[in-house]
Amino acid sequence: MNFRNLLSLSILTLCFVSSSFPHFAEPEAAGFKLEREPLVRIGLLRNSSSALISTKDSALAVSIGGGNTRALSTNSLRVSSRSYRPPTYEYYRFEIKNIESNELAKEMAAQVGGKTGKKPAVFSSSGSTETWRIEFAEEMESRSEAEAFVAQMTETGIENVEIIPIKYTSPSDESIELSRQITANPKLLVRSLLLPNESNSVSRPGYVRKISSSKPIRRKNANIPINRSIREVTVSGRGTGASFSTLRPVTIGSVNSRGIIRLNGKRYRGKMEVFVNSKGRITVVNVVPMEQYLLGVVPAELSLPQLEAQKAQAVAARTYSVANRNGYGLEGFDMLPTVWSQVYKGVRIETRMGSRAVRETRGVVATYQGKPINAMYTSTCGGRTENSGNIYEFDEPYLRGVNCSLEGKLHFAPFLIKSEREPALIRNEANYEMVRLASKLAVNNYLMITKRFDDDYFEDPPAQTELKSWMNQLAIRFGKPFPVVDEDSSKPLKLARILHRLIYTPNAEENADTLMSEADVDYQLSFLDADEVPKQDRLMLAELIRDGWFSIYSDLTIKPNKKYSRGKILRLIDHFYSKKKWSLSFNSGTANPTEDGKLMIKMGRREKEITVNPNVFLFRQFGDAFYQVKETAVVGGEKVRYKTNALGEAVYLEVDPIAKTTVAERMSPFTTWRKNLSASAVRARLGRYVKGLGALIDVRVKNKGFSRRATELEIITTNGTHYLKGGKIRSALRLREQLFVMNKRYGSNGRVVRYNFVGRGWGHGIGMCQYGAYGFAKMGLKYEQIVRHYYSNIELTKAY
């Protein structure tokens, strides 16, 4: 949506003060008020040679120049324009010809004058034989009147009176008024007749004062010049009265006042008004009540499936419409159906949610100091909106730059997943990797007897029940019987014996004894305290170490009588999984935004909802490592790994944060974009907006606004330094937004040869961010909160 300044319409100078629009009432204590729901005029066609207007109802109804509406016997009309053709008329004069002499002619003229009271004229007739004729002073407007007059003359003895028809063209009173209108209002682009009403203001098309129906004296207009460019609307259809032409606007609707009308096959509510424009072609305007208009705007502007976002869009679109009425007044309408006003697609775009949003916000507008605001909005603001004065020539106090997010942690509160489990308290960095491993094992049936992981837990030996659980899980993996575990089983040699029995076949040690010499054993057991390993354990331990199944301490000892710590044994288990290429049972996927503390996993076009166990092991990645946390935000797009229990609850969850933006508009496909341009392309684009550029040397961002948007460019050329400000930057460079950084590649001559623009957002960046509104709605904000967030210090008022 782009801003257009409201046109200040003066009497008989610009255009339409629509009688169908209510005048703004003075703001009451309760706020801004309108007398009734306004009509909106949308210029659907501005330069068309013809158009087809139809309905699926039984018939159409027409009104010419705001006159009475009459039903037609057709449901389809073709409208176009053609050059105005002044009508041809006849009037009738009377003569008596071939009178032999002048004296006789004068005598007869006196006789006629005595009968009629008007003295006729006597003329000599040209020809080989001189004769005379009498021309009567009487003139008749109709043939029947003329014939009656001749009969009357005959009865009185005046014979041989001939009727002489005289043809002439005479412009209509309407064509003369239209010519005067064009001359008096050269800037007015409407070329259909708009007569002054009683208040001497210019009426809209479709509301004209009726010209007197008394019989005109047509010949009085015959010599009045008219504008030769005037054209009339032509209407053609089947049935009586369905084909006609007029210099006035024509309003066409369904006989059913709530019926749908079609323009070239596209469905709209309300009526269609047709008039001629300054190019001699037709303009077609959809005249529709505000709330019906919004039904075709809201889903066209914001179709994202959140009711509160669409309500915010309804309020913004309604406010913009009220504030910008007569925005295209010189052309005869208020709004365009495009981004130059608001996108409007009529009935075909209407949705159930959009209609509900309009219905539930009926009449609500945003006001500042008692007046409706210019409620601009943008697709994707890039994380921050901008002060209007930095982009446009107006600087509204309610169009201030704001962040597209809530304050601090409040922004992430709706997306939090929480755990009642206390995060690990680790001071020894060597132990921290164990926290994640122990948590993964814990949810895969490895018993961990602790409420909170800390250094002591990992540095102490495991309880007998813990170690038994761990060895049993390994036995299941190896397909072996559960081993016998006692209080000393965490000592290195007893642990090695248990593991050897799980890994190798029952006669493996006998085979090793056959295949390994004493020297081989000594070679494998060449750590410092190897002599403390009893003889009966040496072969078994040497085989485990040789095959990479067992490890010693970092000080090159095994300490046979000291129990291994939990951390030491857990690392061994992790090594087993890695060596055997086993994997712990986990699911993975991409998360959608958290809803009510539940994990939402994207499943194609669907999503899977997973309840999170209150005691979940919760991890979030920071840098290259995962850390246990008490809560983390899942805003959508994160890669997650999770484990569920028998109830389907997530008991383990690790979150890999996204690299892209986390602001409310993050769902937009335009959050980040790139554009590469050669220096010549940049020069050509800037040259359309800045005159007198020489060869381009460099382009720099001279000033930035609140949102870090470029608000002034410094253009360095061989012909001096030039500047470009505001929204013209985006227009000139033809970028999606002017929130960007420039990366440049320089040539050997020191000039930039290529520009790489990396930017965020799409649109002008002023007012409400549409994708941001959607994001806020998903976070649980109501439409009032959304509107007040983007428009500073405004009030929401029910205007009608």
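The values are calculated or read from the model by the stated rules, or taken from the named source; none is laboratory data. Here the structure is a predicted model, which means the values were calculated and not measured. Reconstructed Cβ throughout: ideal geometry from the backbone, glycine too, with neighbour counts over all protein chains shown. Just the protein is used for accessible areas: all its heavy atoms, side chains included, with ligands, DNA and RNA removed. Shrake-Rupley method; radii C 1.70, N 1.55, O 1.52, S 1.80 Å.
Where the centroid of each part is defined by its Cα atoms, how far is the stretch 112-126 from the stretch 535-557 in Å?
A separation of 148 Å, based on Cα centres.
With a cut-off of at most 16 other beta carbons within 10 Å, and DSSP calling the residue loop, which chymotrypsin sites (Phe, Trp or Tyr not before Pro) in the stretch 528-574 qualify? Please list them.
Values: sites: 549, 550, 553, 564; in loops: 549, 550, 553, 564.
For chymotrypsin sites (Phe, Trp or Tyr not before Pro) across the stretch 528-574 that sit outside H, G, I, E and B with at most 16 neighbouring Cβ atoms in 10 Å, the list reads 553.
Would you mind classifying the stretch 624-731 by shape? Square roots of the alpha carbon gyration tensor eigenvalues, ordered a ≥ b ≥ c; an a/c under 1.5 is rounded, otherwise it is prolate if a/b is larger than b/c and oblate if not.
On the way: a/c = 4.05, a/b = 3.79, b/c = 1.07.
Here the stretch 624-731 falls in the prolate category.
Would you mind pulling out the separation of the Cα centroids of the stretch 433-468 and the stretch 242-275, in Å?
Taking the Cα centre of the stretch 242-275 as reference, the centre of the stretch 433-468 is 79 Å away.
How many percent of the alpha carbon pairs in the stretch 366-512 exceed a separation of 24 Å? Before the final figure, lay out each step's value.
Numbers: 6525 of 10731 pairs.
For the stretch 366-512, the share of Cα pairs beyond 24 Å comes to 61 percent.
Quick one: angle between helix 102-116 and the longest Cα principal axis of the chain, in degrees between 0 and 90, rounded to 10, please.
With rounding to tens, the tilt is 70 degrees.
Going toward the positive end of the dipole of the chain, with +1 on Lys and Arg Cβ and -1 on Asp and Glu Cβ, which of 39, 66, 650 do you reach last?
Of the candidates, 66 comes out farthest on the positive side.
When the accessible area of the chain is split by element with a 1.4 Å probe, what percent falls to carbon and sulfur?
The nonpolar share, carbon plus sulfur, comes to 47 percent.
What accessible surface, in Å², does a 1.4 Å probe find on residue 716, ignoring ligands, DNA and RNA and rounding to the nearest 10?
30 Å²
Determine how many Å³ per residue the convex hull of the Cα atoms of the chain encloses.
On the way: hull volume 233.9 nm³, N = 800.
Convex hull of Cα atoms, per residue: 292 Å³.
Using only protein heavy atoms and a 1.4 Å probe, report how much of residue 498 is accessible, in Å² to the nearest 10.
10 Å²
Take the alpha carbon gyration tensor of the stretch 286-356, find the square roots of its eigenvalues, order them as a ≥ b ≥ c, and report rounded if a/c is under 1.5; if not, report prolate when a/b exceeds b/c, else oblate.
Prolate shape, in that a/c is at least 1.5 and a/b is the bigger ratio.
Let me know the charge dipole size of the stretch 312-392 about its Cα centre in debye, to the nearest 20, where only the beta-carbon of Lys, Arg (+1) and Asp, Glu (-1) is charged. Write down the numbers at each step before the final one.
Working: 10 positive and 5 negative charges, 69 e Å.
Its charge dipole is roughly 320 debye.
Any idea what the dipole of the stretch 357-483 comes to, in debye rounded to 20, about its Cα centre with Lys/Arg Cβ at +1 and Asp/Glu Cβ at -1? Spell out each step's value before the answer.
Working: 16 positive and 16 negative charges, 131 e Å.
Roughly 640 debye for the stretch 357-483.
Please tell me the relative contact order of the chain in percent, rounded to the nearest whole number, where contacts are Cα pairs under 8 Å and at least six residues apart.
Working: 1709 pairs, mean separation 118.7, N = 800.
The value is 15 percent.
Which of the listed residues, 592, 612, 623, is farthest toward the dipole's positive end in the stretch 589-629, when Lys, Arg count +1 and Asp, Glu count -1 at the beta-carbon?
Projecting each Cα onto the dipole axis, the largest value belongs to 592.
By how many degrees, between 0 and 90 and to the nearest 10, does the Cα long axis of helix 492-503 differ from the longest principal axis of the chain?
60 degrees
Read phi for every residue in the stretch 617-622 and hand back ³J(HN,Hα) as whole Hz from Karplus 6.51 cos²θ - 1.76 cosθ + 1.60, θ = phi - 60°, with x for Gly and Pro.
With the stated coefficients, the stretch 617-622 comes to 6, 10, 10, 9, 7, 10 Hz.
Would you list which lysines come within 24 Å of residue 562, measuring only between C-alpha atoms, while excluding same-chain residues fewer than 8 positions from it?
The reachable lysines, counting only those whose Cα sits under 24 Å from residue 562, are 468, 491, 494, 535.
Using Cα-Cα distances under 8 Å and only pairs 6 or more residues apart, what relative contact order does the stretch 350-489 have, in percent?
Relative contact order here is 13 percent.
Can you compute the charge dipole magnitude of the stretch 567-645 about its Cα centre, using +1 on each Lys and Arg Cβ and -1 on each Asp and Glu Cβ, nothing else charged? Give it in debye, rounded to the nearest 20.
Details: 15 positive and 8 negative charges, 104 e Å.
Rounded to the nearest 20 debye, it is 500 debye.
Can you give me the distance in nm between label points at residue 513 and residue 621, each placed 7 Å from the Cα along the Cα-to-Cβ direction?
5.1 nm
Treat the stretch 59-137 as a sphere of radius equal to its Kirkwood radius over Cα pairs and apply Stokes-Einstein at 4 °C in a medium of 1.567 mPa s; give the translational diffusion coefficient in µm²/s, rounded to a whole number.
74 µm²/s
In what sequence, largest accessible area first, do 529, 624 appear using a 1.4 Å probe? Please report the intermediate quantities before stating the final value.
On the way: 529 15, 624 145 Å².
So the residues, ranked largest to smallest area, are 624, 529.
Please name whichever of 779, 277, 473 sits farthest to the positive end of the charge dipole of the chain, dipole taken about the Cα centre and charges placed at Cβ: Lys and Arg +1, Asp and Glu -1.
277
Using θ = phi - 60° and the Karplus relation 6.51 cos²θ - 1.76 cosθ + 1.60, list the HN-Hα couplings for the stretch 707-721 in order, rounded to whole Hz, with x at every Gly or Pro.
Those phi angles translate into 8, 6, 5, 5, 10, 8, 9, 9, 10, 9, 9, 5, 10, x, 9 Hz.
To the nearest 10 degrees, how steep is helix 173-184 against the longest Cα principal axis of the chain, on a 0 to 90 scale?
Helix 173-184 and the main axis of the chain meet at about 60 degrees.
Send over a whole-number figure in Å² for the accessible area per residue of the chain, probe 1.4 Å.
Accessible area per residue: 48 Å².
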